[in-house]
Amino acid sequence: MELILVNLIDGLVTGLLLFMLSAGLTLIFSMMGVLNFAHASFYMLGAYFGYQISLALGFWVALLVAPVIVGIAGAGVERYGLRRVHQYGHVPELIFTFGLALLIEELVQFIWGKNQMPFNGPEVLNFTAFAIAGNSIPAYKIFMIFISISIFMGLLYILTKTRVGMIIQAALSYPRTVEALGHNVPLIFMGVFGVGTALAGVAGVIAGPVLGTFPGMAFVLGSIVFVTIVIGGLGSLWGALVASLLIGWITTFAKSYNVEMEAVLNGIGIATPDDLSENLFRDFWALTSPQIADILPYILMVLILIFRPQGLFGKRQS
Amino acid sequence: MSDQITTDPSKPAQRMRAGSMTLTLGPWIVAAILLAALPFIFTSNSGLTIMNQMWITVVFALAYNMLLGQGGMLSFGHAVYAGVGGFACMHIMNASDFFASMPLPLLPIFGGLFGMGLALIVGAFSTRSAGTVFAMISLGVGELIAACSVIIVAFFGGEEGISGDRGEALPFFGLNFWSQIEVYYLTAFWVFISAVLMYLWSRTPVGRMANAVRDNPERAEFLGYSSRWVRFYSFVASGFFAGVAGGLFAINYEILTEENLNAASSGVILLVTFLGGVGFFFGPILGAIVFTLVQTVLSLETELWAFYAGSLFVATVMFFPGGLAGLIMMHVPPLRLGKLGVLTVPYIKTLIPAAIGILGLCSLVEMTFHYRHAATGDHEMTLFWTTFDSHTILPWIIAGAVTLIGLGIARTTAPALKEAWNEANTAGGKR
């Protein structure tokens, strides 16, 4: 029972972190119709900028400043890169962001080298918040949950209750009409892109000390983020939230409970073959859940795409 | 391009040209002679190795372009089909009884069949839509299979991969394929056959419909074609040729690992194809040749070659979406008008300073890299055959000045080039 609670908290942390990335990505997608392949790269940039700033000015300043820099960089990419490629169509846009992801990874290696950076969280949060049956929960995790939830609340409030949010929502569905009403729609797009990447930057700064700040971090999380928003339904904010939490919990639980494929197959009435060592499916029989925890999201995505192509919360596609 | 598609009804010979299965023999004969003659020019073993790698990449890039260029489907996990074809070939190599009764040149067919088999399964659900959704599915499936390679050890061999011996096959007219040159001709033979077949495929009605579905799926549906099935056929055919490339890889290197399946390989093939140009059949061939050469030469010279390749790729997407082939074909209209000469002087005036400026920029990048990452106390670096101290100010000033002056000259002469370009593309006398 206690272990379930600990796993619930761990999964929540992972899920909310994923959500901070997928929220920005899904907003950008519903706006421009293009998946930003480089989104996780902005998350990595956030972590590296955060590390560099925290060396000079401490963690809290880094948490404030690094996302702003990342957001400005993102807006610049939209203004001078994507807007230019947009005229060629969606596929070149996707290829452009893919190339950008490659380039940012190389750039990070160029500046900071290939090794992991010693990025540490703030000293203030370096204590155990509480313990559940001997499993201590660090205060930093609670802090991560708190930050993610408050950002989600803030985003929801801005999008649904403020004038700016109304204009953004209108620009998503009827850009031409909004433009005719006198709003600068390209500027709105640039702003949303910047805010989306800044969110990824926040995620980078708070995840950097926990998950490690190294050049492969964008790649590790990047494809999972795409999987998340495909499962949740492209362009749906609530879908992104549900899918992020789902993936966070599934992977955490699969890692902490050692379920063996043999037990599962025996459980549904398939007997273990006598001589496993020569069997063609011997690896299949020997599978354990921690082994496949990292590919569970992909399996889930393929299943979703086969049985419900529009995703959990997506609108029906034409 | 356009004259191939428009037909003149008054000329019966032209009426069928768009869908006809004939080859313009000229380029193919030249290509065949080149393929056969190259080992006599580059006789060294390293030359053969590079050429083998190049031709394998050519087959793979052409297969990839069946999707990206001809079908408009962007795949982020195409290495999987080549990889699975290669792994299957490796297992056939290790099945000694069967392999001993089969000549080695037939092996790529099996690779192709396995690649096709996987494409049949994946294509059944992934080709329902093109664009973003297709790209996401291809990414997910690619990641899934790449991750499986470490789990399903029986087939993929885990982290060390699986290896075999191509010499165990039934001798083919006395050839055992132990030496590099024999493997080269096997590869060259398959490259030629695959390229011809893929070209002919693009001329069949299915290949033509793939173009139609790429450009306007809705209209293709109204004409009575199921765009999904058209995409499916392209996908399966592409899987077959990717598998052939995987089989050739297995024969050439005799080892396959997780690296042949992962997203990095899929990314490289996208890069190669796009650099070469997706709009023309010969684009990927060009891309594969240029990329392999650049990779071989640059990776010897600098640690930062991936950074340069990435920059080149992003610049290509932003400024020349037609790729290298597109750049070359841009010059066909001036050539037809007989005005290519107009461009020579402006080209020299702009491109040479630009190239010098870019080299200056590269040396700045190299010096920064050396300054940050060289071992402490190691201040000496060698760049463009000159050795200097990277911690003194003089080399930085020189490199900076070269960059500024080179790019500055290019910038001032660019309008003249643009004018010359417009002039070269205008029919008739000077306006």
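The values are calculated or read from the model by the stated rules, or taken from the named source; none is laboratory data. All of these numbers come straight from a predicted model, not from anything done at the bench. Note that we place each Cβ from the backbone using ideal geometry, even for glycine, and neighbour counts take in every protein chain shown.
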Count of residues meeting criterion [out of contact with any strand residue (DSSP E or B) (no Cβ under 7 Å at 6 or more places or on another chain), in a loop (DSSP other than H, G, I, E, B) and of a type outside the set (A, V, I, L, M, F, W, C)] in segment B:68-121 | 4
For residues that are of a type in the set (A, V, I, L, M), under 18 Å from residue A:97 (Cβ atoms) and within 8 Å of the chain's Cα centre (by Cα), tally how many sit in segment B:265-290.
-> 4
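Which one is nearest to residue A:116 (Cα to Cα), of the residues in segment A:220-235 that are part of a helix (DSSP H, G or I) and of a type in the set (A, V, I, L, M)?
For segment A:220-235, the residue satisfying everything is A:220.
Table: residues versus (1) within 10 Å of chain A (Cβ to nearest Cβ); (2) free of Cβ contacts under 8 Å to residues at least 24 places away in the same chain; (3) of a type in the set (A, V, I, L, M); (4) closer than 20 Å to residue B:31 by Cα.
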residue	(1), (2), (3), (4)
B:287	no, no, no, yes
B:296	no, no, no, no
B:309	yes, no, yes, no
B:335	no, yes, yes, no
B:342	no, no, yes, no
Answer with yes or no whether residue A:243 is modelled with pLDDT of 75 or more and not polar (S, T, N, Q).
-> yes
Some residue of segment B:134-148 being at the interface with another protein chain (Cβ under 7 Å from one of its Cβ atoms) and of a type in the set (Val, Ile, Thr) | yes
Failed item in (1) more than 14 Å from every other protein chain (Cβ to nearest Cβ); (2) within 24 Å of residue B:56 (Cα to Cα); (3) not small (Gly, Ala, Ser), with residue B:348 passing the rest = (2)
Would you point out the residue of segment A:22-73, among those that are among the polar types (S, T, N, Q) and buried (at least 24 other Cβ atoms within 10 Å of the Cβ), that is farthest from residue A:94 (Cα to Cα)?
-> A:22
Residues A:76, A:89: which one is surrounded by fewer than 18 Cβ atoms within 10 Å (Cβ to Cβ) and at pLDDT 85 or above?
-> A:76
Please work out if residue B:296 is modelled with pLDDT of 90 or more and either part of a helix (DSSP H, G or I) or not aliphatic (A, V, I, L, M) (or both).
-> no
Being within 30 Å of residue A:32 (Cα to Cα) and assigned to a helix (DSSP H, G or I) narrows B:159, B:143 down to just B:143
Give segment B:37-54 a look and list any residue that's within 14 Å of residue B:180 (Cα to Cα) and either assigned to a helix (DSSP H, G or I) or under 14 Å from the mean Cα position of the chain (by Cα) (or both), or say none.
-> B:38, B:39, B:40, B:45, B:46, B:47, B:48, B:49, B:50, B:51, B:52, B:53
Condition test on residue B:113, is it away from every other protein chain (no Cβ under 14 Å), closer than 22 Å to residue B:209 by Cβ and surrounded by fewer than 21 Cβ atoms within 10 Å (Cβ to Cβ)?
-> no
Within segment A:42-66, the residues that are polar (S, T, N, Q) and touching a helix residue (DSSP H, G or I) at 6+ places or on another chain (Cβ under 7 Å) are A:54
Only one residue in B:364, B:293 is farther than 20 Å from residue B:76 by Cα and not assigned by TED's automatic domain parsing to the domain that holds residue B:399, so which one is that?
-> B:293
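With A:77, A:34, A:108 as the choices, which residue is out of contact with any Gly (no Cβ under 6 Å at 6 or more places or on another chain), in contact (Cβ under 8 Å) with a residue 60 or more places away in the chain, assigned to a loop (DSSP other than H, G, I, E, B) and not charged (D, E, K, R)?
Answer to the selection: A:34.
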Being away from every other protein chain (no Cβ under 14 Å), on the phi < 0 side of the Ramachandran plot and within 16 Å of the chain's Cα centre (by Cα) narrows A:212, A:208 down to just A:208
Based on what the data block shows, is residue B:214 away from chain A (no Cβ under 14 Å), closer than 12 Å to residue B:71 by Cβ, touching a residue at least 12 places away in the same chain (Cβ under 8 Å) and among the basic types (Lys, Arg)?
-> no
Segment B:262-279, subset modelled with pLDDT under 85 and over 20 Å from residue A:93 (Cβ atoms), residue surrounded by the most Cβ atoms within 10 Å (Cβ to Cβ) | B:262
Filter result for the condition that a residue is part of a loop (DSSP other than H, G, I, E, B), surrounded by fewer than 23 Cβ atoms within 10 Å (Cβ to Cβ) and either assigned by TED's automatic domain parsing to the domain that holds residue B:108 or not aromatic (Phe, Trp, Tyr) (or both), over B:225, B:233 = B:225
Of everything in segment B:156-173 that's modelled with pLDDT of 80 or more and within 14 Å of chain A (Cβ to nearest Cβ), which residue is farthest from residue A:286 (Cα to Cα)?
-> B:162
